[in-house]
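Presented below is the structure to which this report refers.
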Amino acid sequence: MTALLHNVSISSGAAAQLPITDRPLNLTAAPGSGQTLAPLCTLCCCGFVNRTLTVVFMVSLAFAIVVGNVVTLTVFVQTRQSRTPQGYLKVSLAIADMMVGVLVVPFSVYTEISLMVTTTPPSWYQGSPTSPASSSSVGGLVSPWQPCMLIGPVFAGCTFVSISTIFLMTLERSVAILWPLHKDVLVTRKRTLLLILLSWAASFLLALAPLTFSRNFILEYNECSRMCNYTPLLFGSQPPPDAYILLLFPAFDFTLLGGTLAVNILSFTSIRRYSRKRKLLSQGSLSDGSSVGGGGCSHRPSFSDIKAAKTIGILTFAFTASFSPIAVFVFGNVVGYTWCNFSFIAFWILTGNSCCNVIIYSVRDHRFRKGMSLLFQREQSPPHCEKS
């Protein structure tokens with residue numbers, strides 16, 4: 001049998017999905033019939049009950065993302081102790097996460113509700129007779145713009161911003177751990193703000209790379225992942241020759257995640273060495289002059305720096321865990337598997353990570369907890385006239 005592409009959608013936040021299978025291409029029925037083929041997945045796509053549960057899940061996730069990150073931004077903006085390079089990086093991460101909850105998830109909710117209440121799928125839906133991919137495959141004109149042209153790059157760009165911001169946070173904490181005396185000189189607010197701007201610019205330029213450097217890609221709402229994904233325009237039954245330009249996405253992701261893990265290992269090795277030395281000092285096995293005397297105390301990282309480094313390590317672990325299903329899905333597609341239901345799970349686990357940071361801050365960061373308590377106490381305190 002002739003091998004044809006089954007699901008040509010390519011993740012805007014992860015990597016190319018170019019699986020090979022014996023099943024035919026799932027776009028539309030015969031041109032002009034106005035009917036779409038049955039969806040590939042059954043877990044979240046088919047049936048009124050499944051779609052309703054999917055919408056409820058998406059709405060709940062959007063609410064959690066927006067509320068959690070609004071609280072995070074409010075605490076960091078109104079707390080003077082948080083106006084540090086590390087605080088600026090956390091604000092950047094919260095803004096990227098909140099954009100996912102404000103734009104990406106609500107658009108998926110809108111599309112799912114449209115599929116429930118109308119018989120004709122929207123033009124940006126994969127398999128719709130009026131979708132750009134379907135129009136191109138039957139010789140029609142490609143739509144110049146549709147909502148996925150905005151939502152897809154936003155999701156990809158925010159994912160890249162999250163990865164790069166966590167990498168910068170890890171570097172900032174490693175400087176505080178390895179070179180505590182030079183921390184204030186090397187890590188300044190001006191340099192941090194400049195790096196944040198560069199990370200945002202580079203992330204969104206990378207997200208737009210397939211559309212910038214090739215005319216063989218469009219963005220449409222994928223019926224498996226329930227998000228706007230990159231889709232290559234087919235030449236007959238084959239993908240375009242430049243389809244592998246999207247391998248820039250996993251290369252960027254894995255490079256920064258690998259660098260983040262390496263820097264974390266160096267920081268935790270230094271913390272462990274310092275903790276062992278402090279334990280020997282407490283037991284009297286190490287002379288005080290070798291570590292305490294002569295100003296050696298100022299070379300030690302502070303307790304707050306050590307705890308902040310551990311908190312960022314937890315952030316890195318949480319993001320890596322949420323990104324791993326996408327990596328498994330990509331590798332499965334490379335060897336020829338089509339996991340439509342798993343694609344929904346993988347993409348929305350990554351999306352759910354956008355509401356995890358506020359939980360980690362609440363558990364690990366005492367400054368954040370103090371800022372939250374001051375914020376809510378300020379809101380609950382009566383006016384001065386009532387007190388008098």
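The values are calculated or read from the model by the stated rules, or taken from the named source; none is laboratory data. Just so it is clear, the model here is predicted, and its values are computed rather than measured. In this analysis, Cβ positions are derived from the backbone assuming ideal geometry, glycine residues included, and neighbour counts consider all displayed protein chains. Accessible surface is based on the protein model in full, side chains and every heavy atom, while ligands, DNA and RNA are left aside. Shrake-Rupley method; radii C 1.70, N 1.55, O 1.52, S 1.80 Å.
For D242, the solvent-accessible surface with a 1.4 Å probe is about 50 Å², rounded to the nearest 10.
Rolled with a 1.4 Å probe across the full set of protein chains, the surface gives L171 an accessible area near 70 Å².
Accessible surface for K310 stands near 90 Å², nearest 10, in the context of the full protein assembly shown (1.4 Å probe).
Once the chain from V67 to T84 is taken as fully extended at 0.36 nm per residue, the excess over their C-alpha distance is 3.8 nm.
Under a Cβ-Cβ cut-off of 13 Å, what is the net charge of the residues other than T165 that fall near it, where Lys and Arg count +1 and Asp and Glu count -1? For residues surrounding T165, the net value is 0.
Which of the three applies to the stretch 136-229, rounded, prolate or oblate, going by the alpha-carbon gyration tensor with a ≥ b ≥ c and a/c under 1.5 meaning rounded? Verdict is prolate for the stretch 136-229. Hey, what did the stretch 147-279 get for relative contact order, percent, Cα under 8 Å, at least 6 apart? Taking the mean separation of contacting Cα pairs over the length of the stretch 147-279, I get 35 percent. Net charge of the neighbourhood of T72, taken over other residues with C-beta under 9 Å away and scored Lys/Arg +1, Asp/Glu -1, is 0.
The slack between K277 and L261, meaning 0.36 nm per residue of separation minus the straight C-alpha distance, is 3.3 nm. In a fully extended conformation the segment linking W145 and V117 would gain 7.7 nm over its present Cα-Cα distance, using 0.36 nm per residue.
Lys and Arg at +1, Asp and Glu at -1: add these up for the other residues within a Cβ distance under 13 Å of L115 and post the number. It would help to have the intermediate numbers written out before the result.
On the way: positive: R51, R226; negative: E112, E223.
So the surrounding residues net to 0.
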